[in-house]
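The values are calculated or read from the model by the stated rules, or taken from the named source; none is laboratory data. On a predicted model such as this, the values are computed, not experimentally measured, just so you know. As a convention, Cβ positions derive from the backbone with ideal geometry for all residues, glycine included, and neighbour counts pool all protein chains shown.
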């Protein structure tokens, strides 16, 4: 009887993202009926495509700033973030013991592939949770009865697209460092919003990646409650009419240093007072 009151969900995520494939997998299997997983195996060319898109967005000189951040990250942040990821996965597995056995899994290079659609039609999920860096086509995101949802690290509509938390921190828009649960439509993070929340982040000591993940991880119980309420028809979208809307791209090294400098100044002032 309990299972019948919970939505049947499919998780779409990237194969190399252990937080999703191991941690959120356990959360979904524990909180709802996890009926299938679609793993995206990224092609090597994808990084080059991402750089080209960002080049068109910000221009030649700013793309150097983007690449500089990537180099800085590899040299100074990646190792500690990898350690944090392992501890986060252990935490999620302990809090949400996996209950799914023999969950159907398929591997693809693109979530809009015909094989993915056939997989979804066969499972007939109530909902899909899309944790992927792709804009899904309506032919895919409209398959589940109650829609496809993203757990967006950023407050929408102010911080749509990529790295919303990073840019809110850079802009000192601290009340909008959080996550948005929204239903996918044909726009970029423009669908109906059902939940917006945050956590007590530490902008001095936490990296952009840690904050990016923790705004979601720290709110998984609230996310599950909201999705189940949507499934039962008792949760309705939050009104965002009249709020400004903006899309954001990849982090810049100059912006990262500007954020950390401001964060440390704020921390020193708080200690003095």
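With respect to being at pLDDT 95 or above and in contact with a strand residue (DSSP E or B) (Cβ under 9 Å, 6 or more places away or on another chain), residue 99 falls outside the description. Among the residues making up segment 197-229, a single one is touching a strand residue (DSSP E or B) at 6+ places or on another chain (Cβ under 8 Å), free of Cβ contacts under 8 Å to residues at least 40 places away in the same chain and in a helix (DSSP H, G or I): 222. The set of residues in segment 137-151 that are surrounded by 22 or more Cβ atoms within 10 Å (Cβ to Cβ) and more than 13 Å from residue 121 (Cα to Cα) comprises 148, 149, 150. Taking the numbered list (1) modelled with pLDDT of 95 or more; (2) surrounded by fewer than 19 Cβ atoms within 10 Å (Cβ to Cβ); (3) in contact with a strand residue (DSSP E or B) (Cβ under 8 Å, 6 or more places away or on another chain) in turn, residue 42 passes all entries but (1). Condition (residue is surrounded by fewer than 19 Cβ atoms within 10 Å (Cβ to Cβ), without any contact (Cβ under 8 Å) to a residue 40 or more places away in the chain, within 30 Å of residue 141 (Cα to Cα) and in contact with a strand residue (DSSP E or B) (Cβ under 8 Å, 6 or more places away or on another chain)) applied to segment 245-259: is it met by at least one residue? Scanning segment 245-259, I find no residue that is surrounded by fewer than 19 Cβ atoms within 10 Å (Cβ to Cβ), without any contact (Cβ under 8 Å) to a residue 40 or more places away in the chain, within 30 Å of residue 141 (Cα to Cα) and in contact with a strand residue (DSSP E or B) (Cβ under 8 Å, 6 or more places away or on another chain), so the answer is no.
From the set of residues in segment 176-196 that are under 16 Å from residue 166 (Cβ atoms) and assigned to a loop (DSSP other than H, G, I, E, B), which is farthest from the chain's Cα centre (by Cα)? Explain how you work it out, then say what you get.
First pass over segment 176-196, keeping only residues under 16 Å from residue 166 (Cβ atoms): 176-180, 189.
After this cut, where a residue has to be assigned to a loop (DSSP other than H, G, I, E, B) as well, the list is 177-178, 189.
Details: 177: 13, 178: 11, 189: 11 Å.
Here the answer is 177.
Here is a list: 172, 265. Which entry is modelled with pLDDT of 95 or more, more than 16 Å from the chain's Cα centre (by Cα) and not in a helix (DSSP H, G or I)?
Checking each option against the conditions leaves just 172.
Count, please, the residues in segment 71-84 that happen to be under 21 Å from residue 53 (Cβ atoms) and loosely packed, with under 15 Cβ neighbours inside 10 Å. Counting residues in segment 71-84 that are under 21 Å from residue 53 (Cβ atoms) and loosely packed, with under 15 Cβ neighbours inside 10 Å gives 2. Scanning segment 233-244 for residues that are more than 19 Å from residue 157 (Cα to Cα) and out of contact with any strand residue (DSSP E or B) (no Cβ under 7 Å at 6 or more places or on another chain) yields 233, 234. Evaluate segment 87-102: report whether one residue or more is surrounded by 15 or more Cβ atoms within 10 Å (Cβ to Cβ) and over 15 Å from residue 26 (Cα atoms). Within segment 87-102 (the criterion being surrounded by 15 or more Cβ atoms within 10 Å (Cβ to Cβ) and over 15 Å from residue 26 (Cα atoms)), the answer is no, since none of the residues qualifies.
Here residue 174 meets each of (1) under 20 Å from residue 256 (Cβ atoms); (2) out of contact with any helix residue (DSSP H, G or I) (no Cβ under 6 Å at 6 or more places or on another chain); (3) surrounded by 16 or more Cβ atoms within 10 Å (Cβ to Cβ) with one exception, condition (3).
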